[in-house]
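**Q** First, the structure itself, so that you have it in front of you.
Values in this text are rule-based calculations from the coordinates and carry no lab data. Quantities reported herein were computed from a predicted structural model and do not represent experimental measurements. So basically every Cβ, Gly included, is an ideal-geometry build from the backbone, and we count neighbours across all protein chains shown.
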Amino acid sequence: MAEKTVNEIPRDVRALFTKGSEAAQRENLDYALALFNQILEKEPAFYECRKALRAAQFKKTGGAGGGGFFKKMMSGAGSSPQIAKAKMVLNKNPGEAMAIAEQILNGDPNNSSAHRIIVEAAKALELPRTAVLSYETLIKHSPKDRNLAIDFAHTLAEAGDVSQGDHNRGEKILMDLLREYPNDGDLSQALKNLSARKTLDEGGYGALEDGGGSYRDILKNKDEAVSLEQEKRAHKTEDVAARLIDEYESRLQTEPNNLKLVRQLAELYTQKNEFDRALEFYDRIKNSEMGGGDASLSQAIANTIVRRFDYQIAELNPFGAEHAAEVARLQAEKLDFQVAECQKRVEKFPTDLAIRFEMGQFYFQAGKIGEAISELQKAQGNPHRRLAAMSLLAQCFAKRRMFDLAARTLQNAIKEKIVFDDEKKDLIYNLGCVLDSMGKKEEAVEQFKIIYETDISYRDVAAKVDAFYAGQ
């Protein structure tokens with residue numbers, strides 16, 4: 001996922017960002033925070049909105065985040081359940097983890113735990129500039145944290161370019177620490193690596209071997225240039241993964257109990273689509289004395305198995321005589337696994353409503369409508385999943401031909417949805433379909449016309465509305 005500018009987001013979201021910016025300028029910070037958070041839940045890569053949100057958070061709380069030890073202690077205690085929740089969903093859904101962390105920062109913009117979650121989530125989503133925003137606060141409060149400084153310096157280099165001085169800034173951070181700790185080998189190596197990267201970037205990473213310029217400078221066809229750069233980036237990622245695997249495997253010979261190293265190897269093998277090897281390393285952690293109770297480990301194993309199913313499906317010969325049957329078989333096996341695995345998590349974490357929503361989704365896909373209804377009704381209590389749960393719940397009612405319940409559920413969801421985005425269009429569209437199934441043709445077309453007025457290309461609303469007028 002690449003970070004987006006204001007010109008790269010949908011028009012309706014852009015209009016909402018303008019409203020939020022105007023509210024912030026008028027000191028209506030609560031409204032600005034609500035709008036910015038809502039936008040970022042939809043568009044987590046929208047960097048300018050993230051930056052505006054952070055400024056509004058600091059402005060609302062007075063910037064420095066003072067208040068003394070007692071206030072900080074109370075703030076930390078109050079946010080602990082949200083921090084735990086964000087950590088639980090971080091690997092599965094980094095976007096949701098980031099949204100939870102931002103809710104904490106709305107009231108405590110200096111909360112280090114929330115900023116660390118945003119850093120990890122941003123890395124998972126490949127949003128380096130977003131990570132830098134949180135690193136800024138973390139490094140301000142822990143200027144002598146060696147590991148933090150190293151991570152920050154490399155993220156700065158990844159996020160910026162030479163002309164913006166980000167490499168120089170990263171080097172300065174490491175050099176300042178190295179002056180204080182002159183014998184620190186890790187700092188020295190990090191500085192060397194950063195300097196080497198700076199040299200590559202200054203020469204143009206995409207430069208030709210003879211130094212005659214970058215591919216983008218030489219190729220006039222921009223699409224071809226982008227394609228070459230993406231291909232090169234993919235090869236680079238594979239090369240780095242292979243090099244790290246060799247390095248970590250060697251280290252593991254002398255550090256057999258280093259579970260962090262084992263997990264990194266599992267993740268690298270997953271990245272290389274060597275899933276059986278990855279699962280061997282995950283099992284090694286699971287069977288260890290310290291790793292058995294890690295909730296994120298179970299999720300990582302489940303994600304790896306699901307990725308293996310997806311890879312197997314993608315590798316099937318599309319022209320084979322049994323292609324459709326094989327796809328259906330693998331999809332069924334995948335769904336069976338997801339249902340069984342999610343049931344275990346529901347039993348282990350019965351109060352986690354995000355897992356309840358996931359369970360409802362899988363039950364719906366499996367055709368277990370009664371079970372899905374039960375889980376989705378509980379999942380409505382999760383503010384981040386409420387509307388999605390209501391939408392799917394309405395579909396469950398419609399499957400059972402309980403159209404009045406489906407319509408009422410969708411109408412309630414539409415009232416709660418402020419922004420007229422694709423999610424709201426989906427709710428309105430589904431309400432139109434339900435009303436049509438009830439024989440309320442004119443009421444149904446009124447729903448389709450709401451979408452037609454702003455987005456004629458959405459699904460088949462144009463055909464539905466045109467057919468209605470043609471029939472008059």
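**Q** Do any of Lys42/Lys378; Lys87/Lys144; Lys415/Lys441; Lys140/Lys378; Lys42/Lys260; Lys399/Lys424 go past 30 Å between their Cα atoms, and which? Don't skip to the answer; put the middle values down first.
**A** Values: Lys42/Lys378 23 Å; Lys87/Lys144 25 Å; Lys415/Lys441 22 Å; Lys140/Lys378 41 Å; Lys42/Lys260 33 Å; Lys399/Lys424 21 Å.
Going by Cα-Cα distance, Lys140/Lys378; Lys42/Lys260 fall outside the 30 Å limit.
**Q** Work out from phi, with θ = phi - 60° and the Karplus expression 6.51 cos²θ - 1.76 cosθ + 1.60, the ³J(HN,Hα) of each residue of region 314-324, listed in order in whole Hz, and give x for Gly and Pro.
**A** 5, 7, 5, 6, x, 9, x, 5, 9, 4, 4
**Q** Quick check: the distance between the Cα centres of region 79-113 and region 378-398, to the nearest angstrom?
**A** Using only Cα atoms to place each centre, the spacing works out to 22 Å.
**Q** Still on this structure, please answer the following. How far apart, in nanometres, would the label points at Lys348 and Gln411 be if each is projected 7 angstrom from Cα along the Cα-to-Cβ direction?
**A** The modelled label-to-label distance comes out at 4.3 nm.
**Q** While we're here: If packing is taken as the average number of other Cβ atoms within 10 Å across a peptide's residues, how do 49-61, 365-377 rank, most packed first?
**A** Averaged packing, sorted descending, gives the order 49-61, 365-377.
**Q** May I pose another question? Quick check on packing: order 322-328, 355-361 by the mean number of other C-beta atoms within 10 Å, highest mean leading. Walk me through the intermediate numbers first.
**A** Values: 322-328: 12.1, 355-361: 23.9.
Taking the mean over residues of other Cβ atoms within 10 Å, the ranking is 355-361, 322-328.
**Q** Can you tell me how much longer the chain between Ala314 and Glu41 gets when fully stretched, taken as 0.36 nm per residue apart minus their C-alpha distance, in nm with one decimal? Walk me through the intermediate numbers first.
**A** On the way: separation 273, 0.36 × 273 = 98.28 nm, distance 2.98 nm.
Roughly 95.3 nm would be gained on extension.
**Q** Can you tell me how region 379-470 classifies by the Cα gyration tensor, rounded, prolate or oblate, using a/c under 1.5 as the rounded cut?
**A** It comes out oblate by the Cα gyration axes.
**Q** Once region 333-382 is represented by equal point scatterers at the alpha-carbon sites, with solvent omitted, what log10 I(q)/I(0) does the Debye formula produce at q = 0.19, 0.27 Å⁻¹?
**A** Summing over Cα pairs of region 333-382 leads to -0.51, -0.98.
**Q** To the nearest 0.05, how large is the calculated FRET efficiency for Glu136 and Lys441 if R₀ is 60 Å and r is the Cβ-Cβ distance?
**A** Details: r = 57 Å, r/R0 = 0.94.
Using R0 = 60 Å, I get an efficiency of 0.60.
**Q** Also, quick follow-up: Once amide H atoms are placed 1.01 Å from N in the peptide plane, what residues at a sequence separation of 5 or more from Lys4, or on another chain, have their amide H within under 5 Å of its amide H?
**A** Excluding prolines and chain starts, which carry no amide H, the hits are Phe46, Tyr47.
**Q** Treat each spin label as a single point 7 Å out from the Cα along the C-beta direction, and report the Asn28 to Ala332 distance in nm.
**A** Reported label-point gap for Asn28 and Ala332 is 5.6 nm.
**Q** Taking 0.36 nm per intervening residue step and subtracting the Cα-Cα distance, what contour gain separates Met175 from Lys272 on full extension? Walk me through the numbers on the way to the answer.
**A** Values: separation 97, 0.36 × 97 = 34.92 nm, distance 3.50 nm.
The Met175-Lys272 span can extend by a further 31.4 nm.
**Q** Using the Karplus curve 6.51 cos²θ - 1.76 cosθ + 1.60 with θ = phi - 60°, work out ³J(HN,Hα) for each residue of region 418-435 in order, rounded to whole Hz, and write x for Gly and Pro.
**A** 7, 7, 8, 10, 4, 5, 5, 4, 5, 4, 5, 4, 5, 5, x, 5, 5, 4
**Q** Next question, about the same structure. Can you report the principal axis dimensions of region 285-436 using only the alpha carbons, biggest first, rounded to whole angstrom?
**A** Principal-axis extents of region 285-436 (Cα, largest first): 50, 47, 29 Å.
**Q** Between Asp466 and Glu8, what is the FRET efficiency for a Förster distance of 35 Å, r being their Cβ-Cβ separation, to the nearest 0.05? Don't skip to the end; give the middle numbers.
**A** Working: r = 32 Å, r/R0 = 0.90.
Plugging the Cβ-Cβ distance into 1/(1 + (r/R0)^6) gives 0.65.
**Q** What's the FRET efficiency of Leu244 with Lys399 using the Cβ-Cβ distance as r and R₀ = 30 Å, to the nearest 0.05?
**A** Computed FRET efficiency for Leu244 and Lys399: 0.05.
**Q** How much length would be gained if the chain were fully extended between Ala324 and Glu126, taking 0.36 nm per residue of separation minus their Cα-Cα distance, in nm to one decimal?
**A** Values: separation 198, 0.36 × 198 = 71.28 nm, distance 3.44 nm.
Contour length minus Cα-Cα distance gives 67.8 nm.
**Q** Pop out the ³J(HN,Hα) list for region 250-255 in order, Karplus 6.51 cos²θ - 1.76 cosθ + 1.60 with θ = phi - 60°, rounded to Hz; leave Gly and Pro as x.
**A** 5, 5, 5, 5, 9, 10
**Q** How would you classify region 243-283 from its alpha-carbon gyration tensor, with a ≥ b ≥ c the square roots of the eigenvalues: rounded for a/c under 1.5, else prolate if a/b is greater than b/c, otherwise oblate? Working shown, then result.
**A** On the way: a/c = 2.32, a/b = 1.42, b/c = 1.63.
In terms of gyration-tensor shape, oblate.
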